[in-house]
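Take a look at the structure set out below.
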Amino acid sequence: MTGGRGVPGRGRDEPQESYPQRQDHELQALEAIYGADFQDLRLNACGPVKEPPEINLVLYPQGLTGEEVYVKVDLRVKCPPTYPDVVPEIELKNAKGLSNESVNLLKSRLEELARKHCGEKREILHEIQRRKEEIKEEKKRKEMVKQVLYQ
């Protein structure tokens, strides 16, 4: 029997992934999903993870691209060495089409979500991003309704 905290869904004899391995797998997945909208902000970002992730994701409402985009925001995340067992720092920058109040509310919800999922097998960054997309899509729909009503 191996010591330490087990990872849900793994057999007892399977070795637990290290923090750098888990972080590397998540970074690879995010880069594959976001392509040019993913940026690794670490100085030595090539190869396997040697320092905790620090990333920027440019996020848009789901299904919109190009000139249709009126809402977007950069999600910057700085992870501690023991991420995903410790909550990362979350920052929203370069918001377009969102009020300061909406950005602050969104940041608050994302931080709450990060705390809620901290330590789970499912890495926090991907879950935060998924929820952020839902919130931005809801905000975009509300703003479009306002535009239609007041034109």
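Ligands, DNA and RNA excluded, the heavy atoms of residue 90 present near 10 Å² of accessible surface to a 1.4 Å solvent probe. Pairs from the list 50/72; 50/96; 50/140; 78/116 with a Cα-Cα gap above 28 Å: 50/72; 50/96; 50/140. Rounded to the nearest whole Hz, the Karplus-based 3J(HN,Hα) values (6.51 cos²θ - 1.76 cosθ + 1.60, θ = phi - 60°) of region 27-43 follow the sequence 4, 4, 5, 5, 5, 5, 6, 9, x, 5, 8, 9, 9, 8, 8, 6, 5, with x at glycine and proline. What the Cβ-Cβ distance of residue 74 and residue 120 gives, at R0 = 35 Å and to the nearest 0.05, is a FRET efficiency of 0.90. The modelled label-to-label distance for the pair residue 107/residue 41, using points 7 Å beyond Cα in the direction of Cβ, is 1.2 nm. Counting only protein chain heavy atoms and rolling a 1.4 Å probe, the accessible areas of 101, 31, 137 rank, largest first, as 101, 31, 137.
Estimated from the Cβ-Cβ distance and a Förster radius of 25 angstrom, the FRET efficiency linking residue 25 and residue 91 is about 0.60. Available extension along the chain between residue 100 and residue 17 is 26.0 nm, counting 0.36 nm per residue and deducting the alpha carbon span.
The values are calculated or read from the model by the stated rules, or taken from the named source; none is laboratory data. Bear in mind that the values here come from a model prediction, so they are computed numbers and not experimental data. Positions of Cβ are generated from backbone atoms using ideal geometry, with glycine treated the same way; all protein chains shown enter the neighbour counts. Accessible surface areas use protein heavy atoms only, side chains included; no ligands, DNA or RNA. Shrake-Rupley method; radii C 1.70, N 1.55, O 1.52, S 1.80 Å.
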